[in-house]
Amino acid sequence: MVMSAIKRHGQAAAAALQFLTRIPVPVTVPFEPVMLARTVIYFPAAGLIIGGVLAGGFAALDLFSSAMPAAVLLLAIWTALSGGLHLDGWMDTADGVLSHRSRERMLEIMKDSRVGAMGVIAGVLLLLFKFTLLAEWMGREDGVRALSLLAVVPIWSRWWMGAAIAGWPNARQGEGIGALFHLASGRQVTAGFIAAVLGTVVCTVLNGFNWRETLLILAGCILFTLIAGSLMAMWLSRKLGGLTGDTYGALNEAVEAVLLFAGLLSIHLFT
């Protein structure tokens, strides 16, 4: 019984990495609704691995590169780690919801593999915003202290994807990637939240933050994730009648950008 549970959760963790990253995981996993619902627990763990790679890249680039080229390289690594999956969702969502067409037409536009003008504009603006924030972080003398802040950003953006999956209906009524996770519930989201909290504490404590600072960072991550994620999810759901796989990616990108910005503001305010 115990070994069976360990196997199920091990497969769920592997599936989360396979689904959310391009990190090779040589494990065969049954991509079934029950299994996929369980993977929501491990979305923050996938984010932690991405954040760890980014923090390592930040530290390495800081040794030999100036801020702006390093920011470009780090942003390229960040995008490559997910294979551009979430960025693609951001652009497809922009194409659909900013077309100001009917709900049905918006969903059709989002299914189109081609990227339109609004998607390109939204993608460029997002990348520019992230680039400038990373360059600001890397340009500071105490920038290395921001390593743990950078590491926790993907944790919370990916936890919010799971929360959105469980918290809002599927706009396509059983179609698309998002529909595969229809069995995800508040129980998995809560377990993922606990994992996100633990991951955040580990990152901050290992990087030298005291418990007061750790609690402030944790509170900020939770607050900004909930505010930014909820507002955007409610807006998208109202426009589309629910959420889709593309909008989950868009939510991930939005939360990442907000947390990056909030992290930079906190560095300016408290250092």
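The values are calculated or read from the model by the stated rules, or taken from the named source; none is laboratory data. This structure is a prediction, so every number in the text was calculated from the model and none was measured. Here the Cβ positions follow ideal geometry from the backbone for every residue, glycine too, while neighbour counts run over all protein chains shown. Please note that ligands, DNA and RNA were not included when accessible areas were found on the heavy atoms of the full protein model with its side chains. Shrake-Rupley method; radii C 1.70, N 1.55, O 1.52, S 1.80 Å.
Structure notes:
- Pair list, Cβ < 9 Å and 6+ apart or interchain, from the stretch 208-231 residues that are more than 15 Å from Met161 (Cβ to Cβ) to residues that are among the basic types (Lys, Arg): Gly208/Arg145; Phe209/Arg145
- The residues of the stretch 217-250 that are touching a Ser or Thr at 6+ places or on another chain (Cβ under 8 Å), within 22 Å of Leu149 (Cβ to Cβ) and not small (Gly, Ala, Ser), listed by number, are Ile217, Leu218, Cys221, Thr225.
- Condition check for Thr93: among the hydroxyl-bearing types (Ser, Thr, Tyr) and within 23 Å of Ala184 (Cα to Cα): yes
- When residues in the stretch 235-271 are screened for being within 18 Å of the chain's Cα centre (by Cα) and in contact (Cβ under 8 Å) with a residue 60 or more places away in the chain, 21 of them pass.
- Any hit, the stretch 61-68, residues being in a helix (DSSP H, G or I), at pLDDT below 90, aromatic (Phe, Trp, Tyr) and surrounded by fewer than 19 Cβ atoms within 10 Å (Cβ to Cβ): yes
- Contacts under 8 angstrom Cβ, first residue in the stretch 52-64 being under 11 Å from Ile77 (Cα atoms), partner open to solvent by 40 Å² or more (accessible area, probe 1.4 Å) and part of a helix (DSSP H, G or I), 6 or more apart: Val53/Ile77; Leu54/Ile77; Gly57/Leu73; Gly57/Ile77; Phe58/Val144
- Close contacts from the stretch 26-42, counting a first residue that is open to solvent by 20 Å² or more (accessible area, probe 1.4 Å) and a second that is not in a helix (DSSP H, G or I), with Cβ to Cβ under 8 Å and a gap of 6+ residues or different chains, come to Pro33/His182; Pro33/Leu183; Val34/Leu183.
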